[in-house]
Amino acid sequence: MPTALEEKDAIREVMAEYCFRLDGGNFDSMAALFTEDGVWDTAFGAGTGRGGIAALARDIRARSGHDRPRGIHLVTNIVIDLDDDSARVHSNWIVVTNSPDGPKIGSGGGYVDHMVKQGGAWRFRRRKIDRFIAP
């Protein structure tokens, strides 16, 4: 049976994969990190279910006018409260983007996640994204 530290590390891995997949435009793969009925609640709307989450991510990218990732997500200050096969996770995030003057912080905020362990893997059941820093 995994220790609490191993479970927390597995959760952090899912959070990192989310960033790589989202920033890389791999929206179906990013959505696969959610439960079948998962909710991705963003400043631009909410997506429900893997198909709805991937569609919303595609729409957000299309509205941004960028074919390539507009920036990279960095996550910090991760606090994980484990309860058997579920967890509440709070963290902060920033997106670093390119600009004519060089790299800049494009936006930032906090995540509130409800995660569950299904079939031995941690998944987001609900990811609420609060955007505190915006252009």
message: Go through region 85-103 and report how many residues are in contact with a strand residue (DSSP E or B) (Cβ under 6 Å, 6 or more places away or on another chain) and at pLDDT below 95.
response: 4
field: Verdict on Asp67 being at pLDDT 95 or above and not basic (Lys, Arg)
entry: no
message: Just to confirm my filter: which helices (runs of 4 or more DSSP H) fall fully inside region 1-97 and include at least 1 residues that are in contact with a Gly (Cβ under 6 Å, 6 or more places away or on another chain) and surrounded by 13 or more Cβ atoms within 10 Å (Cβ to Cβ)?
response: 49-64
- request: Return the residue satisfying two criteria in turn: it lies in region 98-132 and is assigned to a strand (DSSP E or B) and among the acidic types (Asp, Glu), and of such residues it is nearest to the chain's Cα centre (by Cα).
  value: Asp113
message: Tell me whether region 102-112 contains one or more residues that are loosely packed, with under 13 Cβ neighbours inside 10 Å, more than 26 Å from Lys8 (Cβ to Cβ) and free of Cβ contacts under 8 Å to residues at least 60 places away in the same chain.
response: yes
statement: Among Val96, Val79, the single one that is of a type in the set (A, V, I, L, M) and in contact with a Pro (Cβ under 6 Å, 6 or more places away or on another chain) is Val96
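The values are calculated or read from the model by the stated rules, or taken from the named source; none is laboratory data. Here the structure is a predicted model, which is why all the values come from computation and not from measurement. Note that each Cβ is placed from the backbone with ideal geometry, even for glycine, and that neighbours are counted across all protein chains shown.
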